[in-house]
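Remarks on the structure that follows.
The values are calculated or read from the model by the stated rules, or taken from the named source; none is laboratory data. Keep in mind the model is a prediction, meaning the values are calculated, not measured. With ideal geometry, Cβ positions are generated from the backbone for all residues, glycine too; neighbour counts draw on all protein chains shown.
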Amino acid sequence: MSSSLFRTFLEAETASGFRHFYALHRRSMDTVLSVDPAAVLPALLHDQKRPARLIAWHSVYSPSTLVGLADYDNRCAWIHPQYFSAGFPGLDPKADGVGPVHGPGCPWPSLRQELKACLMGALLARTEAEQHQPTDSGMLTAVVEEWIHQYLSPLGPSTTGDDTHFFGVPLTPEGPYSLFLDETFSSLEESVHLIACCHRDASRLLRRFGEEALLRGYSVQYFHDALEPATINHLVLPERRLGLTHAEAPHCAPPGKHARYLTLGSPLPTRAHAEWWPIVQQFYSRAWQIMESMRAFMFEEVREPARPPGTPQSLDVSVQAP
């Protein structure tokens with residue numbers, strides 16, 4: 001049986017603070033164990049009866065570190081002991097985030113506050129820039145109707161659609177991390193890439209299509225924006241092997257076997273781009289540095305050098321987590 005594995009992030013540091021989807025995925029599990037998931041993974045991958053829906057959850061503080069492994073067929077999950085003992089979100093209803101135990105003088109809370117302020121600055125600058133990039137709402141409606149006609153058909157009354165939520169390209173100590181999203185889109189049969197469209201309008205378009213797909217019985221995977229979690233940047237229909245992606249959000253996902261590029265508006269005016277995007281980049285650069293400091297406290301044994309922008313990413317999930 002194939003040893004392929006769906007790898008993703010369920011957490012992100014955002015302009016609203018630390019956000020996660022652990023609680024949503026926790027509801028699909030009957031058994032949750034405090035066990036190093038990297039120790040369990042090799043045996044599952046080589047098992048002839050390996051579950052069809054096996055998802056690895058990775059840490060935004062150290063992308064090579066597995067924090068969870070979920071077998072959705074047998075409703076079982078293995079959680080990294082450091083996450084479990086830190087008040088794993090979704091297990092402890094009082095937990096609002098993860099992190100090391102805060103001893104006297106621990107800089108973690110202040111680092112997280114500074115990070116949140118930087119990401120809020122980046123979001124405000126991005127939003128201001130996109131005020132200069134309107135999209136025709138009538139065109140959005142027409143596009144959704146076209147997609148419904150082209151890609152969706154009723155799967156039958158006995159089929160119930162379900163939605164799952166992830167973060168597509170969260171900020172990590174290595175910068176915005178796109179490897180897992182790239183793996184997902186590269187394996188698709190077809191992809192649609194939205195061009196010249198602001199985040200707000202692209203998200204509205206993807207949500208409307210996703211809602212219609214759910215009503216027709218399809219499973220829908222939503223990939224959220226790491227700056228503004230309520231925003232959807234990418235959407236995948238596994239049964240159709242179809243992916244829809246906002247090509248400017250902030251990472252352009254690779255095409256599937258067959259790709260279609262759809263222009264929904266006008267490019268961001270040169271003046272607005274020159275005025276606001278350098279501000280976005282400055283805030284992101286500082287946030288990147290803060291994430292590196294946070295990793296040193298979250299996983300003290302992990303020492304991965306940050307990669308310069310554009311450096312290819314690689315990952316060996318069989319490596320033991322610290």
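A single entry from Gly161, Gly138, Gly103, Gly87 fulfils the requirement of being out of contact with any strand residue (DSSP E or B) (no Cβ under 6 Å at 6 or more places or on another chain), modelled with pLDDT under 80 and on the phi > 0 side of the Ramachandran plot: Gly87.
Quick one: how many residues across region 1-53 are hydrophobic (A, V, I, L, M, F, W, C), without any contact (Cβ under 8 Å) to a residue 40 or more places away in the chain and surrounded by fewer than 16 Cβ atoms within 10 Å (Cβ to Cβ)?
Of region 1-53, the ones hydrophobic (A, V, I, L, M, F, W, C) are 1, 5-6, 9-10, 12, 15, 18, 21, 23-24, 29, 32-33, 35, 38-41, 43-45, 52.
Narrowing further to those that are without any contact (Cβ under 8 Å) to a residue 40 or more places away in the chain: 40, 43-44, 52.
With the extra rule that they be surrounded by fewer than 16 Cβ atoms within 10 Å (Cβ to Cβ), the set shrinks to 43, 52.
Total meeting the criteria: 2.
Looking only at region 159-211, residues that are assigned to a helix (DSSP H, G or I), closer than 14 Å to Pro238 by Cα and in contact with a Leu (Cβ under 8 Å, 6 or more places away or on another chain) come to 1 in all. Figure legend. Inter-residue proximity from region 233-253: first residues within 12 Å of Glu190 (Cβ to Cβ), second residues surrounded by fewer than 21 Cβ atoms within 10 Å (Cβ to Cβ) and acidic (Asp, Glu), beta-carbon distance below 6 Å, spacing 6+ or different chains. Indicated pairs: Arg241/Glu189; Leu242/Glu190. The residue list Trp277, Trp288 contains one member that is in contact with a Lys or Arg (Cβ under 9 Å, 6 or more places away or on another chain) and either among the small types (Gly, Ala, Ser) or modelled with pLDDT of 75 or more (or both), which is Trp277.
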